[in-house]
1. If we sort 222-228, 131-137, 239-245 on the protection proxy, mean other Cβ atoms within 10 Å, highest first, what's the order?
2. With the cut-off at 1.5 for a/c, could you classify the stretch 80-304 from its C-alpha gyration tensor as rounded, prolate or oblate?
3. Taking the Cα-to-Cβ direction at residue 207 and at residue 306 and moving 7 Å from each Cα, how far apart do the two end points lie in nm?
4. Stretched out fully, how many nm does the piece from residue 135 to residue 176 gain, at 0.36 nm a residue minus the Cα gap?
5. What nm distance separates the two modelled labels at residue 79 and residue 196, each placed 7 Å from Cα along Cα→Cβ?
6. Given an 8 Å cut-off on Cα distances and at least 6 residues of separation, report the relative contact order of the stretch 80-304 as a percent.
7. At a 10 angstrom cut-off on C-beta neighbours, averaged per residue, how do the peptides 287-296, 202-211 rank from highest to lowest?
8. Provide 84, 212, 251 in ascending order of the number of other Cβ atoms located within 10 Å of each residue's Cβ, fewest first.
Ligand SMILES: [Ca+2]
């Protein structure tokens, strides 16, 4: 399917409101406790203050199944690795909790938890990385329609959710690790990187912090920027806001971390160079069918960390 023909109109507030109504409401027990946001912030602050290995096996823990089991070393937040020379660089996000959603754009706010550390791509997947897959016999040997957006360091575009699955499948075979797309909860958690503001850097879009329509960059509304052209967030992740809209594993319908190959639409996060500032906020979400491609749509990868 040609993507540009099939893509929904971007920027329609009507669609967002409809989407927002599908979000589940926050926990009822927060009501009347002096503002759910304050209570949630306190809770999140407490969780983030826990040691990085909180929740993992500790010395002295009993392990009836394996008597000499050693506690796994918890990966440090923000530590980076690459599973192969041509693989995307990954950063480790910690287990924790955060407030998911954004009432200012009609998305209910509620506590979301991440049970285990996971790794997420430092950058959006680039053309160079995609082409390595194609040249290695993965990705169906396909080269996405570059449309002049073909700098090696530019994020790959014109890739569908199905295409992204082919890429993570190749990565998984190549590295013997279970690569996948981040789910929607993980994506927003990583975009916030420990803060509860609209963007990873604060509540205002500011100037030249991202590539979107109105973000004050030289690429605004025109073209993708080479990945990593702006400052990273607190966990060392680039371009979570804007540049290309990113496929997540999650289905549009159902809980945020629910995923199935068969769902009608999948969630995209982060907005793109074409979207206005409110559509690149950390909580903004959008959905497209799995075969839609567009020159503003790309992705980044994720994988679980070994226990
Ligand atoms: Ca992005």
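Laboratory data are not the source of any read-out in this text; all were calculated from the coordinates shown. Computed from a predicted structure; not experimentally measured. Positions of Cβ are generated from backbone atoms using ideal geometry, with glycine treated the same way; all protein chains shown enter the neighbour counts.
1. Order by mean packing, descending: 239-245, 222-228, 131-137.
2. Rounded.
3. In this crude label model, residue 207 to residue 306 measures out at 4.9 nm.
4. Full extension from residue 135 to residue 176 adds 12.9 nm.
5. 3.0 nm
6. This gives 25 percent for the stretch 80-304.
7. Most protected by this proxy first, the peptides run 287-296, 202-211.
8. 84, 251, 212
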